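Here's the structure, in structure tokens; my notes come after.
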Amino acid sequence: MGMGCDPGIARAADARSLLVDSAISHCEKLRRILELEGWIREARDCPILAGASERWLAERDELIAELELSH
């Protein structure tokens, strides 16, 4: 008798693992969006950060688009 795992169980575990990885990625993107939002709000009061603010806006928009595509 083999000691291997049932292929169906292995596939189910892989599917759950992918789901967990996807959820973690989604949460990390949301966390980054919130972080960028804070920086963007603070940069409005500081002309020196105007260039950085544009990059942060672009990154935020890209992350939001990625989240919308993942649904």
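The values are calculated or read from the model by the stated rules, or taken from the named source; none is laboratory data. Computed from a predicted model, the values in this text were never measured in an experiment. When we count neighbours, we look across all protein chains shown, and the Cβ atoms used for this are built from the backbone with ideal geometry, even at glycine.
I'd like the residue in segment 36-54 that is part of a helix (DSSP H, G or I) and exposed (fewer than 13 other Cβ atoms within 10 Å of the Cβ) and, out of all such residues, is nearest to the chain's Cα centre (by Cα).
If we take residues in segment 36-54 being part of a helix (DSSP H, G or I) and exposed (fewer than 13 other Cβ atoms within 10 Å of the Cβ), then GLY38 is nearest to the chain's Cα centre (by Cα).
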State whether the residues of segment 7-20 include one that is surrounded by 11 or more Cβ atoms within 10 Å (Cβ to Cβ) and within 21 Å of the chain's Cα centre (by Cα).
-> no
List, please: which pairs have Cβ atoms under 6 Å, are six or more places apart or on different chains, and start with a residue in segment 1-20 that is modelled with pLDDT under 70 and end with one that is loosely packed, with under 10 Cβ neighbours inside 10 Å?
-> none
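Within 17 Å of the chain's Cα centre (by Cα), surrounded by 10 or more Cβ atoms within 10 Å (Cβ to Cβ) and without any contact (Cβ under 8 Å) to a residue 12 or more places away in the chain: does that describe LEU30? Walk me through how you get there before you give the answer.
Details: within 17 Å of the chain's Cα centre (by Cα): yes; surrounded by 10 or more Cβ atoms within 10 Å (Cβ to Cβ): yes; without any contact (Cβ under 8 Å) to a residue 12 or more places away in the chain: no.
For LEU30, the condition - within 17 Å of the chain's Cα centre (by Cα), surrounded by 10 or more Cβ atoms within 10 Å (Cβ to Cβ) and without any contact (Cβ under 8 Å) to a residue 12 or more places away in the chain - is not met.
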